[in-house]
Amino acid sequence: MDPSTALFNQLKAAEPFFLLAGPNVIESEEHIMRMAKHIKSISTKVGLPLVFKSSFDKANRTSSKSFRGPGMVEGLKILEKVKIAYDIPIVTDVHETVQCEEVGKVADIIQIPAFLCRQVMVNSAEKVRLAGNPNVMRVSIFCWTGVTISLWLVDDLIVDPRNLEWMREANCPVVADVTHSLQQPAGKKLDGGGVASGGLRELIPCIARTAIAVGVDGVFMEVHDDPLNAPVDGPTQWPLRNLEELLEELVAIAEKLMLKKLKFRLNVPTPYVFMLRFLKAAQSDTKLEHLAFYLIELSLVQYEALKFKPSLLCASAIYVARCTLQMRYTSYIRC
């Protein structure tokens, strides 16, 4: 199995979801290495598979004076260093078809920029498959429909979570872009010339929660350690210092939905709660405690035991343990 297919299968099977994250554009080698180190540390702690994202060229700029990055040659060298140093896959975008071959030598996933995708995308996944690549993921900015362009003409982007459901018809992993979803057209003038896109950074958690609640396979977000001074798309980059907190919340939402689907009730006491109280009442010693816990753990893997209440299982386990150890009750205490 080739590496790209292996990665695709790994991400497709990720639970509760995978993460594509990194700064919008490569500002310097030092900055990108530092960001990769921190983001990987956070994603590993939270338990999410990570694909590191950054662009070598922001070619789709409104102004010719806007910051674009180091370019393809230098940018790919930096991304390759990140890939080797931190052992993480890379996703970056292309702007011309002739770039795909060189970019593909470094990047594990090639991204088609959002500005090139604001059109009807119903058959896009099938086009890629017919070209010979079955490993297709669709990154949604929540509005890949026939009305996307007209929505942008009113200087705003309408976030429509229905598209997350519709995109599943393409039979490929669905990824929610929770930062570009809040981008607003360029209009802010910068010192020295040029203009910058606006955005609603404060609503990124809202959009992310919506995506997780609807059900996505992955989350795409641009992250920066100082978004207020980022040269590109600062208003829609999530602060690095708040990344762990947000990811932990999203994982909790996803896990809660999974438990609900499995009809697992968290508010039902487990045998462990009763075991502690019953052992105290039984004036247990170490041997009794170990044997009782061993017996109750045996019941957890027996399907037939599900019909009994946890309190009854614990009382039975302690009784069997006392009989096995030939212990007698000498007195009772309140617990």
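The values are calculated or read from the model by the stated rules, or taken from the named source; none is laboratory data. Everything numeric here is computed off the predicted structure, so don't read it as measured data. No Cβ is skipped: glycine too gets one built from the backbone with ideal geometry, and neighbour counts run over all protein chains shown. What goes into the accessible areas is simple: the full protein's heavy atoms, side chains included, and nothing from ligands, DNA or RNA. Shrake-Rupley method; radii C 1.70, N 1.55, O 1.52, S 1.80 Å.
Within the stretch 323-330, is even one residue at pLDDT below 85, β-branched (Val, Ile, Thr) and over 30 Å from PRO16 (Cβ atoms)? Write out each step before concluding.
Quick first cut of the stretch 323-330, residues at pLDDT below 85 only: 326-330.
Subsequent filtering for residues that are β-branched (Val, Ile, Thr) retains 330.
Remaining after also requiring over 30 Å from PRO16 (Cβ atoms): 330.
Checked against the condition, which is being at pLDDT below 85, β-branched (Val, Ile, Thr) and over 30 Å from PRO16 (Cβ atoms), the stretch 323-330 yields at least one hit.
Residue-wise test of (1) surrounded by fewer than 17 Cβ atoms within 10 Å (Cβ to Cβ); (2) in a helix (DSSP H, G or I); (3) modelled with pLDDT of 85 or more.
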site: GLU245; (1), (2), (3): yes, yes, yes
site: ALA252; (1), (2), (3): yes, yes, yes
site: TYR272; (1), (2), (3): yes, yes, no
site: MET275; (1), (2), (3): no, yes, yes
site: LEU295; (1), (2), (3): no, yes, yes
site: ILE333; (1), (2), (3): yes, no, no
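List the pairs whose first member sits in the stretch 86-108 and is farther than 29 Å from SER41 by Cβ, whose second member is open to solvent by less than 80 Å² (accessible area, probe 1.4 Å) and among the charged types (D, E, K, R), and whose Cβ atoms are under 8 Å apart, counting only residues at least 6 apart or on separate chains?
HIS95/ASP57
Could you tell me which residue of the stretch 137-161 is modelled with the highest pLDDT, considering only residues that are open to solvent by less than 50 Å² (accessible area, probe 1.4 Å) and of a type in the set (D, E, K, R)?
Applying the filter and picking the extreme gives ASP160.
Looking at LYS260 and the list (1) part of a helix (DSSP H, G or I); (2) modelled with pLDDT of 80 or more; (3) open to solvent by 90 Å² or more (accessible area, probe 1.4 Å), which single condition is not satisfied?
Against the list (1) part of a helix (DSSP H, G or I); (2) modelled with pLDDT of 80 or more; (3) open to solvent by 90 Å² or more (accessible area, probe 1.4 Å), LYS260 comes up short only on (2).
Can you tell me which residues in the stretch 172-187 are closer than 18 Å to ILE109 by Cβ and not charged (D, E, K, R)? Explain how you work it out, then say what you get.
The initial filter retains those residues of the stretch 172-187 that are closer than 18 Å to ILE109 by Cβ, namely 172-180.
Answer for the stretch 172-187, where residues must be closer than 18 Å to ILE109 by Cβ and not charged (D, E, K, R): CYS172, PRO173, VAL174, VAL175, ALA176, VAL178, THR179, HIS180.
Look at GLY71 and say whether it is closer than 17 Å to PRO113 by Cα and free of Cβ contacts under 8 Å to residues at least 40 places away in the same chain. Break it down stepwise before answering.
On the way: closer than 17 Å to PRO113 by Cα: yes; free of Cβ contacts under 8 Å to residues at least 40 places away in the same chain: yes.
Yes; evaluated as a whole, the condition is true for this residue.
Sort out for me the helices (runs of 4 or more DSSP H) sitting completely within the stretch 1-86 that have 2 or more residues that are over 18 Å from VAL103 (Cβ atoms), at pLDDT 95 or above and touching a Phe, Trp or Tyr at 6+ places or on another chain (Cβ under 9 Å). If you could, list the steps in order and put the result at the bottom.
Details: elements: 3-12, 29-46, 72-86.
Counting at least 2 such residues, we get 29-46.
Can you name the residue in the stretch 224-243 that is outside any helix (DSSP H, G or I) and closer than 20 Å to VAL159 by Cα and, of all such residues, is most open to solvent (accessible area, probe 1.4 Å)?
Pass one, the stretch 224-243, residues outside any helix (DSSP H, G or I): 224-226, 230-233, 237-239.
Restricting the remaining residues to those that are closer than 20 Å to VAL159 by Cα gives 233, 237-238.
Details: ASP233: 10, GLN237: 2, TRP238: 30 Å².
So the residue we want is TRP238.
Could you tell me which of the residues LEU164, LEU200 is of a type outside the set (S, T, N, Q), open to solvent by less than 70 Å² (accessible area, probe 1.4 Å), at pLDDT 80 or above and over 30 Å from THR5 (Cβ atoms)? Before you say what the answer is, go through the steps one by one.
On the way: LEU164 fails: over 30 Å from THR5 (Cβ atoms).
Only one candidate qualifies: LEU200.
How many of the residues in the stretch 224-243 are at pLDDT 95 or above and under 8 Å from ASN24 (Cβ atoms)?
The qualifying residues number 1.
Suppose we filter the stretch 297-317 for residues that are within 12 Å of PRO271 (Cα to Cα), in a helix (DSSP H, G or I) and basic (Lys, Arg); how many remain?
Result for the stretch 297-317: 0.
Do any residues in the stretch 294-307 that are more than 17 Å from THR324 (Cα to Cα) have Cβ atoms under 7 Å from those of residues that are open to solvent by 100 Å² or more (accessible area, probe 1.4 Å) and polar (S, T, N, Q), where the two are at least six apart or on different chains, and which pairs are they?
none
Can you tell me which residues in the stretch 281-293 are open to solvent by less than 100 Å² (accessible area, probe 1.4 Å) and either assigned to a helix (DSSP H, G or I) or of a type in the set (A, V, I, L, M) (or both)? Walk me through how you get there before you give the answer.
Here is the first cut: in the stretch 281-293, the residues open to solvent by less than 100 Å² (accessible area, probe 1.4 Å) are 281-286, 288-289, 291-293.
Matches in the stretch 281-293: ALA281, ALA282, THR286, LEU288, GLU289, LEU291, ALA292, PHE293.
Can you confirm whether the stretch 171-184 contains a residue that is surrounded by fewer than 20 Cβ atoms within 10 Å (Cβ to Cβ), at pLDDT 60 or above and over 26 Å from PRO23 (Cβ atoms)?
The answer is yes; a qualifying residue exists.
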